[in-house]
1. Quick check: pseudo-label points 7 Å beyond the Cα along Cα→Cβ at S5 and Q370, how many nm apart are they?
2. Helix 236-249 against the longest principal axis of the chain: what's the angle in degrees, Cα atoms only, rounded to the nearest 10?
3. Within segment 1-30, report the chymotrypsin sites (Phe, Trp or Tyr not before Pro) that DSSP leaves as loop and that have at most 16 other Cβ atoms within 10 Å.
4. Find out how many positive minus negative residues lie around D170, taking Lys and Arg as positive, Asp and Glu as negative, among other residues whose Cβ is under 14 Å from that of D170.
5. How are the C-alpha pair distances of segment 78-197 spread across 5 Å bins, as whole percents from the shortest bin up?
6. Rounded, prolate or oblate for segment 260-352? Axes are the square roots of the Cα gyration tensor eigenvalues, ordered a ≥ b ≥ c, and the cut-off for rounded is a/c under 1.5.
7. Taking square-rooted eigenvalues a ≥ b ≥ c of the alpha carbon gyration tensor, is the chain rounded, prolate or oblate, where a/c under 1.5 means rounded and, failing that, a/b exceeding b/c means prolate?
8. Can you give the net charge of the other residues whose Cβ lies under 11 Å from the Cβ of G243, counting K and R as +1 and D and E as -1?
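Every read-out reported here was derived from the displayed coordinates using simple, explicitly stated rules and does not represent laboratory data. Values in this document were obtained by computation on a predicted structure and should not be read as measured data. Don't worry about glycine lacking a Cβ; one is built from the backbone with ideal geometry, like all the others, and counts go over all protein chains shown.
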Amino acid sequence: MSTFSLKMEIADNRHYNGQQSPLFTIDEAEKARAFHQKVEGYQPTPLHSLDCLAKEIGVGKILIKDEAHRFDLCAFKMLGGAYAIARLLCDEFKLDVKDFDFEKLKNDIPEKMTFATATDGNHGRGVAWAANKLGQNAVVYMPKGAADERVNNIRALGAECIVTDMNYDDTVRLAIKTAEENNWKVVQDTAWEGYTEIPTWIMQGYTTMAAEAVDQMKDQQIERPTHVFLQAGVGAMAGGVLGYLCDQYGADKLHSVIVEPDLADCIYRSGISEQGEMVNVEGDLATIMVGLACGEPNPIGWPVLRDCSTQFVSCQDSVAALGMRVLGNPLGDDPRVVSGESGAVGAGMLAAVYYHPEREKLMEKLGLNQDSVVLLVNTEGDTDPVHYREVVWQGKHPTL
């Protein structure tokens, strides 16, 4: 077997205390899931069991929640954007979210509203999708270097899409400023002073996929995962999902690993900070994991990750590329999983550990053994098909 060493900085969380967030509970997740179940075309996304890969790597089970099948959007993000817009409109029109009806509300809104957001691609597509369903307007800002496919997917939903010459975090600031000037509603998946309610709803929307996974594990006669690997950009998805899983199982029963690209590792740097304070990363954030190319932690998600995560990881782009190839070319009877750059990094890390010359040492550090049940989340499919083929077919970002 070939061995190779990819950069993976693994840091134990010195700030862990296991304190559960009251925002991401089983009850809040069920509210969000009840909303999503009423959306036309709703189906739980698959939870695949990669038994051959698990045997090869030396763990008991590898499970992957495959969000490439979420509606026709190829990513999980609409779960947050749509739920937040629904909650926002319920507040605006004095409705209970339990009674939310897309068609009825579409006809009842007297004047078109405009929802604005900044995105690396998938969140903006989710916001544009929800606005389109409600017959409203959406304006989506994207950072420089945005792939044409991601831009076109947003515009195909009737939204205005503006690509800036800035990085993600500066693009967020531009979207906020422009929205304030035009009296638009901001639907952003990070928070700042005075803006916490909508990003909380977005994170609660993400818990639907975790609640589905818990039910699917029960159906597969799996009591619980021992490990969960969650990728982080601002930490909204990771914080919401980890918060829910800790309420479900207990933080002390879950070895949780938060994985980021080394070019945008604000959560990792926050995790190794002296007092557990949030640390920002500046610059172009030019990682292939564009959905994770965020330099400023979400202040709602960070306390969950600080209090409940077991470890933080900063890794090079080749780890994600390896994951894309491993998932797309399965062993034995394992199902094929088409995973984009941000979706594949958890699987890529498992594979990178397997091929590492210090494999046994890394397995021990991560607490992995033949009894481990590892839960991964494929947050996106090939949302940039050109780059997907460059990586999987042409070997871009090689491992050897």
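1. Distance between label points: 2.9 nm.
2. For helix 236-249, the angle is close to 70 degrees.
3. For chymotrypsin sites (Phe, Trp or Tyr not before Pro) across segment 1-30 that sit outside H, G, I, E and B with at most 16 neighbouring Cβ atoms in 10 Å, the list reads F4.
4. Working: positive: K144, R173, K177; negative: D120, D165, D169, E282, D284, E296.
Local charge sum for D170: -3.
5. Per 5 Å bin, starting at zero, the Cα-Cα P(r) for segment 78-197 comes out as 2, 12, 23, 24, 20, 11, 5, 2, 0 percent.
6. Details: a/c = 2.70, a/b = 1.88, b/c = 1.43.
Because a/c hits 1.5 or more and a/b exceeds b/c, segment 260-352 counts as prolate.
7. Prolate, since a/c reaches 1.5 and a/b exceeds b/c.
8. On the way: positive: none; negative: E28, D247, D307.
In short, -3.
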